[in-house]
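Asks: Before we start, here is the structure in question, set down as structure tokens.
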Amino acid sequence: MLKVNVVSHPYAQAILTALRDRETPQIEFRKGLVRLGRVVGLEMVKEFEVEECEVETPLGVKARGVKIKDLDRVVIVTVLRAAWPLTEGLVKIFFNAKQGVIVARRVEERGMRDYEFEVDVAYVKVPTITPESIVVLSDVMVATGSTAARALREVVKHGRAKRYLLASVIVTPIALAGLDRVARELGIDLAVYAVAIDPTVNERGYIVPGLGDAGDRAFGS
Ligand code: URA
């Protein structure tokens, strides 16, 4: 089953607007992705279980509060390269997370067929996933869902997790439909977090209006 959460906070929407702007230079673009990683991570934490607790303040008075459960069970898997800065923000929230990486790219030279791309996976390094793990897949632009779906397939080879979350910036309805199919096929629930759902992709599989090639804008000229 798929659950979709759009991060509508004005802070996130303002950063996204700057990222969409073609005039935003590389460094500002990357910083924006880092900031969005924090905001998306905070939004994810809303769904974590909390445990009530009590502490004693320096005044010798008891104060009731909460602890967030499972923060140390998070495994962030980054789809390189574009999601690297997004993950930099996520780890500020999931400060005890283990990390894995998947180097994957859509084979754009072969073209898009029925809104799907072949995906070339060059490298996978993912820690062992246990039934207590909470996997956060970090993938900035989920246009057709081909890469994210392939990354999920790679992740489940390393064990079954308690929960699967996807941290992204822009997704499309096409990608969400594809991810829903893959989640059902893999028998997992997937909670998608995005800052926007853009309506479509162009003939080259780029999200419209989107923000262009996130990897090139974060690391290119
Ligand atoms: N990847 C990107 O970086 N941008 C898109 O629009 C689609 C995929």
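The values are calculated or read from the model by the stated rules, or taken from the named source; none is laboratory data. Here the structure is a predicted model, which is why all the values come from computation and not from measurement. Here Cβ is always computed from backbone atoms with ideal geometry, including for glycine, and neighbour counts include all displayed protein chains. With ligands, DNA and RNA removed, areas are computed over all heavy atoms of the protein, side chains included. Shrake-Rupley method; radii C 1.70, N 1.55, O 1.52, S 1.80 Å.
Asks: From the list 100, 65, 37, which residue is touching a residue at least 12 places away in the same chain (Cβ under 8 Å), in a helix (DSSP H, G or I) and open to solvent by less than 70 Å² (accessible area, probe 1.4 Å)?
Replies: Of the residues listed, the single one that is touching a residue at least 12 places away in the same chain (Cβ under 8 Å), in a helix (DSSP H, G or I) and open to solvent by less than 70 Å² (accessible area, probe 1.4 Å) is 37.
Asks: Taking into account only those residues within the stretch 169-178 that are touching a helix residue (DSSP H, G or I) at 6+ places or on another chain (Cβ under 8 Å) and of a type in the set (Gly, Ala, Ser), which is farthest from the ligand (Cβ to nearest atom)?
Replies: 178
Asks: Follow-up. When you scan the stretch 84-92, do you find a residue that is part of a strand (DSSP E or B) and modelled with pLDDT of 95 or more, even just one?
Replies: no
Asks: Looking at the stretch 16-31 only, could you name the residues that are among the aliphatic types (A, V, I, L, M), open to solvent by less than 80 Å² (accessible area, probe 1.4 Å) and farther than 15 Å from residue 141 by Cβ?
Replies: 18
Asks: Here are the criteria: (1) in a helix (DSSP H, G or I); (2) surrounded by 15 or more Cβ atoms within 10 Å (Cβ to Cβ). Tell me which single one residue 75 does not satisfy.
Replies: (1)
Asks: Let me ask something else about it. So which of 160, 153, 110 ends up being basic (Lys, Arg), more than 14 Å from residue 83 (Cβ to Cβ), surrounded by fewer than 19 Cβ atoms within 10 Å (Cβ to Cβ) and free of Cβ contacts under 8 Å to residues at least 24 places away in the same chain?
Replies: Exactly one of 160, 153, 110 is basic (Lys, Arg), more than 14 Å from residue 83 (Cβ to Cβ), surrounded by fewer than 19 Cβ atoms within 10 Å (Cβ to Cβ) and free of Cβ contacts under 8 Å to residues at least 24 places away in the same chain, namely 110.
Asks: Can I ask one more? Going through the stretch 128-168 one residue at a time, which ones are away from the ligand (no atom under 16 Å from the Cβ) and charged (D, E, K, R)?
Replies: 132, 153, 154, 157, 160, 162, 163
Asks: Do we find a residue being touching a residue at least 40 places away in the same chain (Cβ under 8 Å), within 11 Å of residue 192 (Cα to Cα), open to solvent by 10 Å² or more (accessible area, probe 1.4 Å) and not aromatic (Phe, Trp, Tyr) anywhere in the stretch 137-148?
Replies: Yes, the stretch 137-148 contains a residue that is touching a residue at least 40 places away in the same chain (Cβ under 8 Å), within 11 Å of residue 192 (Cα to Cα), open to solvent by 10 Å² or more (accessible area, probe 1.4 Å) and not aromatic (Phe, Trp, Tyr).
Asks: Here is a check on your reading of the model: is residue 174 in a loop (DSSP other than H, G, I, E, B), modelled with pLDDT of 95 or more, crowded, with 19+ Cβ neighbours inside 10 Å and on the phi < 0 side of the Ramachandran plot? Can you show your working first?
Replies: Details: in a loop (DSSP other than H, G, I, E, B): no; modelled with pLDDT of 95 or more: yes; crowded, with 19+ Cβ neighbours inside 10 Å: yes; on the phi < 0 side of the Ramachandran plot: yes.
Considered against the rule, which asks whether it is in a loop (DSSP other than H, G, I, E, B), modelled with pLDDT of 95 or more, crowded, with 19+ Cβ neighbours inside 10 Å and on the phi < 0 side of the Ramachandran plot, residue 174 comes out as no.
Asks: Can you tell me how many residues in the stretch 179-221 are within 22 Å of residue 153 (Cα to Cα), within 11 Å of the ligand (Cβ to nearest atom) and open to solvent by 10 Å² or more (accessible area, probe 1.4 Å)?
Replies: Number of matching residues: 0.
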